[in-house]
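These notes are about the structure you will find just below.
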Amino acid sequence: EEEEEEEGGGLVGKDDNIIAAAAATTSSNISKSGTSSDEERGGGGGGYTVIINLQVRSLGVSVVSYHHRPEGLLLQHNHHSRGGEMSDNYRKLLIGLRNHTKEQLDRRFKLITHLEQGPFLMRGALKAAVGANVPVVMGKAVSQRYFFGKDYMEVDVEVDTSIIAKGILKIASMFISSVVVDMVWVLEGKNVQELPEKAMCAVRLGNMDLSKAREIRLEDDDSNAAIPSPMSSSPSSSSSSS
């Protein structure tokens, strides 16, 4: 069951550094003004957005996807809800993430990948590295940073910090325009109340053309000043372009 209904995203390119805190960009798909003063509403009437920012330094791009639930994190008893019905336990889990430490968050987010289309060489590399459609706790494999706002949550994944992932990406870069991969993010359940686990969000990346990656610049304005610092043990980037 996919909790985030609407999706959007794109490639954002960069020469030297990779964009951090995608929600801070003036061209971000998410509104930074918020629509509710009550964080417990998870964005209230304006909805709630999960942002996945895959930072791929070896290719010089960030791949950012937005997963939006129009109803926010409010309980929905209407079966016609666009975002689907959300249990009270799952709602509490999502809301409570902002109070987790980085170490706790590193053990929460799992990624399931499925190579729908791609060369045999890449299929073999993926299977050898993580197995076929096997969940991987990403915070144990790569460095991640976390950002929380009134109506959004962002996970920045530094893909190249894994030697294995870097090797797979090197292979993928040779066939990038013909690769189609499904990526499903799951929150790991830590107790019986958090089970069964559900898909938090998912995206299909396919036939990407890196030449169409666009440059995004972060501007020093009031909206960026409101973006919280990342939860990370690594120094945060202060770069001004992506």
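The values are calculated or read from the model by the stated rules, or taken from the named source; none is laboratory data. Here the structure is a predicted model, which means the values were calculated and not measured. Reconstructed Cβ throughout: ideal geometry from the backbone, glycine too, with neighbour counts over all protein chains shown. Surface accessibility is based on the protein's heavy atoms, side chains included, excluding ligands, DNA and RNA. Shrake-Rupley method; radii C 1.70, N 1.55, O 1.52, S 1.80 Å.
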Search result, residues across region 201-242 that are among the small types (Gly, Ala, Ser), at pLDDT 80 or above and either open to solvent by 50 Å² or more (accessible area, probe 1.4 Å) or more than 15 Å from Gln55 (Cα to Cα) (or both): Ala202, Gly206, Ser211
Residue ID - most open to solvent (accessible area, probe 1.4 Å), chosen from residues in region 173-200 that are of a type in the set (A, V, I, L, M, F, W, C) and more than 17 Å from Asn133 (Cβ to Cβ): Met174
Top-ranked residue of region 142-154 - restricted to ones that are surrounded by fewer than 22 Cβ atoms within 10 Å (Cβ to Cβ) and farther than 17 Å from Glu188 by Cα, ranked as modelled with the lowest pLDDT: Lys150
Count - residues of region 99-110 that are open to solvent by less than 60 Å² (accessible area, probe 1.4 Å) and either over 15 Å from Val184 (Cβ atoms) or hydrophobic (A, V, I, L, M, F, W, C) (or both): 5
Unmet criterion (only one of (1) open to solvent by 40 Å² or more (accessible area, probe 1.4 Å); (2) touching a strand residue (DSSP E or B) at 6+ places or on another chain (Cβ under 8 Å)) for Gly139: (1)
Single condition Leu210 does not satisfy, out of (1) under 22 Å from His68 (Cα atoms); (2) out of contact with any Phe, Trp or Tyr (no Cβ under 7 Å at 6 or more places or on another chain): (1)
Subset of region 44-53 [modelled with pLDDT of 90 or more and surrounded by fewer than 24 Cβ atoms within 10 Å (Cβ to Cβ)]: Val50
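For (1) open to solvent by less than 70 Å² (accessible area, probe 1.4 Å); (2) modelled with pLDDT under 90; (3) assigned to a strand (DSSP E or B), each residue gets a yes or a no:
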| site | (1), (2), (3) |
| --- | --- |
| His79 | no, yes, no |
| Glu85 | no, yes, no |
| Asn89 | no, no, no |
| Ile112 | yes, no, yes |
| Glu116 | no, no, yes |
| Lys127 | no, yes, no |
| Asp160 | yes, yes, no |
| Ala165 | yes, yes, no |
| Ile168 | yes, yes, no |
